[in-house]
Structures are given as structure tokens and as C-alpha cells.
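Reading through the C-alpha cells given below for one structure.
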Amino acid sequence: MTTQEDITRYANILQMDSDFVAPFVSGSQNTSIPIQESFPEVETITSNSTKRGGNFSVDEDNLLVSAWLNIGMDAVQGTDQRAERFWEKIWQYFGENNTYGTTRSISSLQSRWGNINRETSRFAGFMAKIEARNASGGTDEDKLKEAKELYKASPAPSTGKKSAFAFEHCWVVLKNQPKWSTLKERSKGLLHTPSSIDQVGSNDDDTVVVERPIGRKAEKAKRKRIDGDKGFEDFLMKKLQFIEESREQEKEALRIKADRVQVDAQRADIEKERLHLETIREAKRDDMKKDRLRLETIREEGKIMAMDTSGMNDRERLYFENLKDQILARQQLE
């Protein structure tokens, strides 16, 4: 099993990108563009011929907000974008970056943006009132909660009905834009209908960083990179496992070698002891052989000493007498 130390070891090799997946977070670059205090506002399409698809998801809302911010604040688009061309570009942007499997028409995007713009502006008005009333007190969470309560308690001018604020995910992105952040001085909650998109001021001090969503190609490239990184991570894990197994095998080989050396040493000691005992036994055998020879010699000499030479001729008697003398002389030396 891989330990935390192992993970740290290969994690230091492989620096993975942090993936904060959001519809308006780009995987490649950010665009910093100066903008006017007021964003271009667009008309709400209420044509009876417009056919709405399924309900917009939070991801689609965020993508629409990102498209509106990018297209509306992109100085490259020119200074006189008419509403029709403006929404064509938003629709194209939305389609190119839509990875949610839905299809939206221009009119459905216009209608949805009208709702987002109107209700977010109305909510921002409540926030502006609370900020002005509690300039030095209350946490941001308390202010947000109070603004939601005011919104829910106030009938919508467009319908006369009360409802909870449904576009907090859009407001989180739009709240820092000049149109919404300056509502303390000018709280206007209704949507206006311009004939064309206002010119983007190039000399304004306000600058906003708009992060474009990841496009299909960028998403594929990102997934390919992630897959490649995962493959490399798997390679590192397998290599680490191989190294650990090799180390274990090396340890086992060293242990076996040490055991073998110990066994060989024990065998050498046993052989040495065997040779020592064999030497002792051989010495005892020699001593016993010598003792037997000595006893045999004593018996033979005893026979010679007891031999009667009176009946022998002179030569025989002289021979045995000499043997007796030699036996006596050797016994005296011993």
C-alpha cells in the first residue's frame, strides 16, 4: 500500500493544475478590459412566437452572464454594436462554450438575460439600501440574508408576485461590476431598451478582469492533458511500486545471503569439531595399538626370560642369553 510519504515524493515531481470548474473560468487566459460605469442594457423579448426550451440550469445562467460580460465589454467588437448583432455574438459565444447538451435560440437567451438583469438589479437595490443603512455594522452574510428577506417580501414590479431570489449565482458574478456596485448612488432596478450598445470608454479608470469560459477545443485539450497527467501519475505509481518491490527483493536476497553465510559458518564449526574428535579417536587408537604391542612384547620377552637353555647347544644358548641381557637392559631404561 502506498504511504503518504510515497505520495508526497511523486507529488513533488508532478505539479498538477488546480481545476476550479466554473462556466466563466478560463483554462487559458484572462482578459483585462477597461469599461464604462454603465453596462449596455438590452430589451426583454416578450414575443408570443418565442418558444422556450427546458428551464435554464445554473451552469447555463453563468455561461450567459459570462457571454454578456465578454461581448458587452470587448473593445475589439467595435463601438457601435447594434442589439441584433450584439445578441448574435452572445448566441454564438454561448453555443461555442456550451458543454451541457442544450440548444438555446437567440430569443430564449434574450428572455433569460432579461429576467437575470431585472431581478439581479432589483436585488442589488435591496443590498444598496442595506449597505447604506448599516455602513459600519453587520457581516456580509447578515446583509445578504436581510437582502434576500426584503426581496422575498417585496412583490416583483413585472408580475406583482412575491418569490425568493433565484439568481444569487448570477449576482455573485455581477455584483462587482460598475452597474451593480454603484447602486448606492443610482438604484435603478428596471431593464431599459437601448437602440444600440453603448460605447466602451477607453479612458475609464475602472478595469474588470473577465475570465472566458472554457471552449470545446480547450475543454478537449484540458481533458487530454488531465488524461496525460493521470497516465504519467499511473506510470510514477507503477515505477514507485517497482522500486519498492525491488528493494524488498534486494532485502530478501541479502537476508538469504546472510543466512547462507551463517549456515556455512556453522558447517565449518561442525567440520572443525568433527576433525578434532577424529584426531582424538585416532590418537586413542594409536595408544591402544601401542599398548597391545607392548603387552605382546612383554609376553614374548617373558617367554624368552623363562626359557631353559640348559639343553641347548652352545650357539643357541649364547643367542638366548644375549636376548635376555637386552631385555633386562631395556627394562632398566624404562
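Is there a residue being β-branched (Val, Ile, Thr), surrounded by 13 or more Cβ atoms within 10 Å (Cβ to Cβ), at pLDDT below 55 and assigned by TED's automatic domain parsing to the domain that holds Ser158 anywhere in region 196-206? It would help to see each step written out before you state the result.
Initial filter on region 196-206 (β-branched (Val, Ile, Thr)): 197, 200.
In the following step, the residues that additionally are surrounded by 13 or more Cβ atoms within 10 Å (Cβ to Cβ) were identified as 197, 200.
Retained after the next criterion (residues that are at pLDDT below 55): 197, 200.
Filter once more, keeping what is assigned by TED's automatic domain parsing to the domain that holds Ser158: 197, 200.
Yes; the residues of region 196-206 include at least one that is β-branched (Val, Ile, Thr), surrounded by 13 or more Cβ atoms within 10 Å (Cβ to Cβ), at pLDDT below 55 and assigned by TED's automatic domain parsing to the domain that holds Ser158.
How many residues are in a helix (DSSP H, G or I) and surrounded by 10 or more Cβ atoms within 10 Å (Cβ to Cβ) when one looks only at region 300-321? Even if it seems obvious, please write down each step before you answer.
Taking region 300-321 as the starting set, the residues that turn out to be in a helix (DSSP H, G or I) are 300-306, 314-321.
This time we only want the ones that are surrounded by 10 or more Cβ atoms within 10 Å (Cβ to Cβ), so: 300-302, 304-305, 316-321.
The total comes to 11.
Here are Arg118, Arg104, Arg122: which of them is crowded, with 19+ Cβ neighbours inside 10 Å, modelled with pLDDT of 90 or more and not in a helix (DSSP H, G or I)?
Values: Arg118 fails: not in a helix (DSSP H, G or I); Arg122 fails: not in a helix (DSSP H, G or I).
Of the residues listed, the single one that is crowded, with 19+ Cβ neighbours inside 10 Å, modelled with pLDDT of 90 or more and not in a helix (DSSP H, G or I) is Arg104.
The values are calculated or read from the model by the stated rules, or taken from the named source; none is laboratory data. All of these numbers come straight from a predicted model, not from anything done at the bench. Neighbour counts run over all protein chains shown; Cβ positions are idealised from the backbone, glycine included.
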